[in-house]
Amino acid sequence: MIAVSKWRKLEGGHIREWHRTVKDGGAKAAVFGISDGLVTNVSLIVGMVGAHPVAAIVRLAGLAGLVAGACSMAIGEYISTQAQKELLQKEIELERLEIEQYPEEELRELIDTYRNRGLPSDLAHEVATVMMGSDDMALETHVREELGLDSGQLGNPLLAAAASFGSFALGAVVPLLPWFVTQGFQAVLITIVLAIVMAVAVGAALAGFTGRSLLRSVARQVILSVVATGIAFGVGSIIGKTGR
């Protein structure tokens, strides 16, 4: 999840932007999922058109690409998120065992950490002693200070998989819609227009997340989508001609 920037009004009417909060990346993953679905299916559809198939074949190929791609994205996201979660859980468990078995060493580590951050030795010792006062607080502190993690935010594999499936399917279905109501050149034209509109929206969303140039992000997304579609159309045309 990527939260929008927070703003605070200062005296004199000046506006100051607070830092963004970037957490489990769900919104970013959704945007990339839409982008993947869009580029994948518009390339597949236009590539099939290059081979001159009938509309029914284009629809079938588009639906197959949507389902296969969405399932692949969901499975890949689930496996990667689950593997990362298990790895982090292992590291947290190792830290818990170290705190139980070597509390004095862990206390010294925490003191050194605070001293290296600029705290006076006496204050570093006092703060570290307080943090080591309970098992839960000690673990949370060491996980945060040594591993840079929040033990309560390790990611949700099922949620990540569902988001990837839904976002890919959303991106993939848009260029396919015209083929359910029309065919031929008109369907191709509408597909391309819808794909460009979606590419602009995806580029704009990425610009909003990253704070980068809107024009550059949109242009990059559109150009890369056009290049991928053009390559697919070229391959389809070659195969269509040689396969006859």
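Of the residues that make up region 22-31, is at least one assigned to a strand (DSSP E or B), at pLDDT below 90 and touching a helix residue (DSSP H, G or I) at 6+ places or on another chain (Cβ under 9 Å)?
yes
Taking region 161-181 as the region of interest, how many residues are in contact (Cβ under 8 Å) with a residue 40 or more places away in the chain and among the β-branched types (Val, Ile, Thr)?
Final tally of qualifying residues: 2.
For residues that are assigned to a helix (DSSP H, G or I) and surrounded by fewer than 21 Cβ atoms within 10 Å (Cβ to Cβ), scanning just region 170-182, find the one that is farthest from the chain's Cα centre (by Cα).
Ranking the qualifying residues of region 170-182, first place goes to PHE180.
Consider LEU194 carefully, then state whether it is touching a Pro at 6+ places or on another chain (Cβ under 8 Å), within 30 Å of ALA56 (Cβ to Cβ) and not polar (S, T, N, Q).
Considered against the rule, which asks whether it is touching a Pro at 6+ places or on another chain (Cβ under 8 Å), within 30 Å of ALA56 (Cβ to Cβ) and not polar (S, T, N, Q), LEU194 comes out as yes.
Check GLU140, GLU109, GLU98 and return the single one that is modelled with pLDDT under 90 and in contact with a Ser or Thr (Cβ under 8 Å, 6 or more places away or on another chain).
Criteria check complete, one pass: GLU140.
From LYS85, LYS90, which residue is in contact with a Pro (Cβ under 8 Å, 6 or more places away or on another chain), charged (D, E, K, R) and under 30 Å from THR129 (Cα atoms)?
LYS85
Yes or no: region 200-212 includes at least one residue that is over 26 Å from GLU77 (Cβ atoms) and of a type in the set (Lys, Arg).
No: region 200-212 contains no residue that is over 26 Å from GLU77 (Cβ atoms) and of a type in the set (Lys, Arg).
Taking the criterion of being farther than 30 Å from LEU38 by Cβ, in contact with a helix residue (DSSP H, G or I) (Cβ under 6 Å, 6 or more places away or on another chain), of a type in the set (Asp, Glu) and surrounded by 12 or more Cβ atoms within 10 Å (Cβ to Cβ), would at least one residue in region 110-133 satisfy it?
No, region 110-133 contains no residue that is farther than 30 Å from LEU38 by Cβ, in contact with a helix residue (DSSP H, G or I) (Cβ under 6 Å, 6 or more places away or on another chain), of a type in the set (Asp, Glu) and surrounded by 12 or more Cβ atoms within 10 Å (Cβ to Cβ).
If I filter region 82-95 for residues that are within 19 Å of the chain's Cα centre (by Cα), buried (at least 16 other Cβ atoms within 10 Å of the Cβ), at pLDDT 90 or above and part of a helix (DSSP H, G or I), do I get at least one hit?
yes
For LEU158, only one of the following conditions fails: (1) touching a residue at least 24 places away in the same chain (Cβ under 8 Å); (2) part of a helix (DSSP H, G or I); (3) buried (at least 17 other Cβ atoms within 10 Å of the Cβ). What is its number?
(3)
Could you grab me the full set of residues in region 198-240 that are within 14 Å of MET48 (Cβ to Cβ) and loosely packed, with under 15 Cβ neighbours inside 10 Å?
ILE231, GLY234, VAL235, ILE238, ILE239 - these are the residues of region 198-240 that are within 14 Å of MET48 (Cβ to Cβ) and loosely packed, with under 15 Cβ neighbours inside 10 Å.
I need a count of the residues in region 117-137 that are hydroxyl-bearing (Ser, Thr, Tyr) and assigned to a loop (DSSP other than H, G, I, E, B).
Within region 117-137, the subset hydroxyl-bearing (Ser, Thr, Tyr) is 121, 129, 134.
Pick out the ones that are also assigned to a loop (DSSP other than H, G, I, E, B) and you get 134.
Of the residues in region 117-137, 1 are hydroxyl-bearing (Ser, Thr, Tyr) and assigned to a loop (DSSP other than H, G, I, E, B).
State yes or no: is GLY166 buried (at least 21 other Cβ atoms within 10 Å of the Cβ) and within 16 Å of the chain's Cα centre (by Cα)?
no
Which of the residues spanning region 32-69 are among the small types (Gly, Ala, Ser) and free of Cβ contacts under 8 Å to residues at least 24 places away in the same chain?
Filtering region 32-69 down to residues among the small types (Gly, Ala, Ser) leaves 33, 35, 37, 43, 47, 50-51, 55-56, 61-62, 64-65, 68-69.
If the condition is that a residue be among the small types (Gly, Ala, Ser) and free of Cβ contacts under 8 Å to residues at least 24 places away in the same chain, then ALA56, ALA61, ALA64, ALA68 are the ones that fit.
The values are calculated or read from the model by the stated rules, or taken from the named source; none is laboratory data. Just so it is clear, the structure is predicted and the values come from calculations on it, not from any experiment. For neighbour counting, all protein chains shown are included, and Cβ atoms are generated from backbone atoms with ideal geometry for every residue, glycine included.
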